[in-house]
Amino acid sequence: MPPADTGASTHRRVDASAPPVSSTPERMAPGRPGYVRMRLALFTAGLATFALLYSTQALLPAISDDLHVQAEAASWSVSAATLALALMVVPLSALSERFGRRTMMTVSLTVAVTVALVVPYAPDLGWLIALRAVQGAAIAGIPASAMAYLSEEVEPRALVGAIGLFVAGNSVGGMSGRLITGWVADGYGWRMGLAAVGAMALVCGIAFRLLIPKARNFTPAAVSPRALARTVRRHLSDPLLCRLYAIGALFMTVFGGVYTVIGYRLVAEPFGLSQSMIGSIFLIYLVGTVSSAATGKLVGRLGRRGALYVAVSMTTAGLLLSLADALALVLLGLVLITGGFFAGHAAASSAVSRTAKTGRAQAAALYQTSYYVGSSAGGTLGAMAFHTGGWTGTVALGLLAVVGATAITLYGTRKARVERRAMSPAHAHA
């Protein structure tokens with residue numbers, strides 16, 4: 001299997017004096033050397049990545065109180081990281097073609113962890129946002145490189161399981177980062193909460209470097225910016241890919257807005273929850289792990305658009321339920337929002353790789369770009385809506401995004417029906 005397609009023109013290095021190679025090195029698979037180490041390494045990388053990326057989200061009410069800033073200003077400590085990731089994921093995915101997936105992941109983790117150990121000492125909100133932006137840019141080198149590493153080093157029959165564990169590390173990291181910061185901050189303040197996540201990420205980074213096997217099937221390539229730009233333009237001119245990118249961004253707008261602001265709602269009356277209890281709310285992320293795993297069967301039964309209709313219905317019901325002043329109903333609403341988001345995200349992201357016939361790495365990177373732009377927009381706009389209209393304003397923003405995702409899906413359904421009619425025998429003889 002060749003290295004992941006970047007859509008860039010490449011010039012492979014060939015040593016004329018080297019003896020001929022009869023076959024490519026054996027890929028990793030269950031029972032073969034390095035397979036278990038590889039899975040554990042990628043799990044730790046995924047865990048550290050998402051623990052760091054959203055480390056300030058559960059702490060926003062505490063940051064607002066300590067630094068005397070409004071919710072929309074504090075929300076930039078999350079949005080700056082996700083926006084920087086969105087801007088850097090395509091360039092860094094291309095650089096991994098030149099310097100190697102393992103090297104890119106190691107450098108990215110090293111920089112992100114180093115910044116994490118400095119972030120707790122940020123003197124004001126401006127420095128906090130700037131450091132978080134640097135951290136997000138560094139983290140951008142991990143997701144695309146990890147997927148390319150797996151596609152090159154793991155046998156196809158074992159690839160789904162290997163990717164699954166990496167994604168599981170993402171969801172566990174996203175949840176545990178928020179839990180740890182919330183619990184530690186309750187007793188020692190938000191800065192110590194961030195320090196605790198930084199320490200956890202440091203341990204994960206060391207474990208990753210010790211465990212990750214050397215690449216055996218990677219061939220360095222000179223990346224052409226012009227060829228990369230052509231591939232990106234080709235993907236952006238594909239109507240179906242653009243619809244999938246928009247759906248991913250809109251779902252993430254809902255999710256980012258809800259989870260950026262929910263702490264502010266629950267710390268106030270009539271709930272009055274502590275910082276540790278607010279951190280514990282993110283245990284609901286486990287629903288997303290189950291929802292993502294079940295989406296494959298759902299798509300098989302209802303098709304991609306059918307799964308998206310289920311996702312928008314769950315998300316809408318969750319948003320409406322969250323308007324209640326009863327904690328049980330708010331939590332049920334969060335469960336539905338989380339399940340709907342992960343189902344929609346899984347359906348859209350998996351369709352991207354099936355739709356792109358060439359330049360799949362760039363197609364996936366563009367989806368990640370739109371996804372994290374949605375996260376940044378959701379966090380900032382959700383906080384602004386909360387400041388002006390309370391939780392009802394945040395829910396209204398979420399419903400608007402859901403309407404957008406539904407409209408795009410309906411358009412795709414109508415377009416598919418028209419195409420099927422045009423290809424039917426009756427129309428063929430007309």
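Computed from backbone phi with θ = phi - 60° and the Karplus coefficients 6.51, -1.76 and 1.60, the 3J(HN,Hα) list for the range 106-113 is 5, 5, 4, 5, 4, 5, 4, 5 Hz; x is used for glycine and proline. How about the range 178-214: which trypsin sites (Lys or Arg not before Pro) there lie in a loop by DSSP and see at most 12 other Cβ atoms within 10 Å? Counting only loop positions with at most 12 other Cβ atoms within 10 Å, the trypsin sites (Lys or Arg not before Pro) in the range 178-214 are Lys214. The phi torsions of the range 86-95, fed into the Karplus equation with coefficients 6.51, -1.76 and 1.60 and a -60° offset, translate into couplings of 4, 6, 9, 5, 5, x, 6, 5, 6, 5 Hz, rounded to whole numbers, with Gly and Pro shown as x. Neighbours of Glu152, meaning other residues whose beta-carbon lies under 10 angstrom from its beta-carbon, give a summed charge of +2 when Lys and Arg score +1 and Asp and Glu score -1. Ranking Ile180, Ile206 by solvent-accessible area of protein heavy atoms (1.4 Å probe, all protein chains present), from largest to smallest, gives Ile206, Ile180.
Stretching the chain fully between Thr413 and Lys214 yields a gain of 67.1 nm (0.36 nm per residue, less the alpha carbon separation).
Between Leu329 and Phe99, the simple spin-label model (points 7 angstrom out along Cα→Cβ) gives 5.3 nm.
In order along the range 252-265, the phi-based Karplus estimate (6.51 cos²θ - 1.76 cosθ + 1.60, θ = phi - 60°) of 3J(HN,Hα) comes to 6, 4, 4, 5, x, x, 4, 7, 6, 9, 4, x, 5, 5 Hz; Gly and Pro are listed as x.
Compactness of the chain, taken as the C-alpha radius of gyration over 2.2 N^0.38 Å, stands at 1.00. The helix-based estimate of mean residue ellipticity at 222 nm for the chain, built from -39,500 (n - 2.57) per DSSP H run of four or more residues and divided by its residue count, is -27000 deg cm²/dmol to the nearest 500.
All other residues whose Cβ lies under 13 angstrom from that of Gly141 are scored, Lys and Arg at +1 and Asp and Glu at -1, for a net of +2. Remark on Val154: its backbone amide H falls under 5 Å from those of Met28, a criterion applied only to residues 5 or more positions apart or on other chains, H modelled at 1.01 Å from N.
When the alpha carbon coordinates of the range 331-430 are projected onto the principal axes, the ranges are 60, 31, 24 Å, largest first. The range 70-104 and the range 330-377 have their alpha-carbon centroids 16 Å apart. Per residue, the range 306-430 exposes 44 Å² of accessible surface when a 1.4 Å probe is rolled over the protein heavy atoms with every protein chain present. With all protein chains in place and a 1.4 Å probe, the accessible surface of the chain carries 68 percent carbon and sulfur. The residues packed around Asn217, meaning those with a beta-carbon under 12 Å from its beta-carbon, carry a net charge of +1 if Lys and Arg are +1 and Asp and Glu are -1. Sorted on the mean count of surrounding Cβ atoms within 10 Å across their residues, most packed first, peptides 68-74, 374-380 read 374-380, 68-74.
The values are calculated or read from the model by the stated rules, or taken from the named source; none is laboratory data. Since the structure is predicted, the reported quantities are computational estimates derived from the model, not experimental observations. We place every Cβ from the backbone using ideal geometry, glycine too, and count neighbours over all the protein chains shown. We work out accessible area using only protein heavy atoms, side chains counted, and drop any ligands, DNA or RNA first. Shrake-Rupley method; radii C 1.70, N 1.55, O 1.52, S 1.80 Å.
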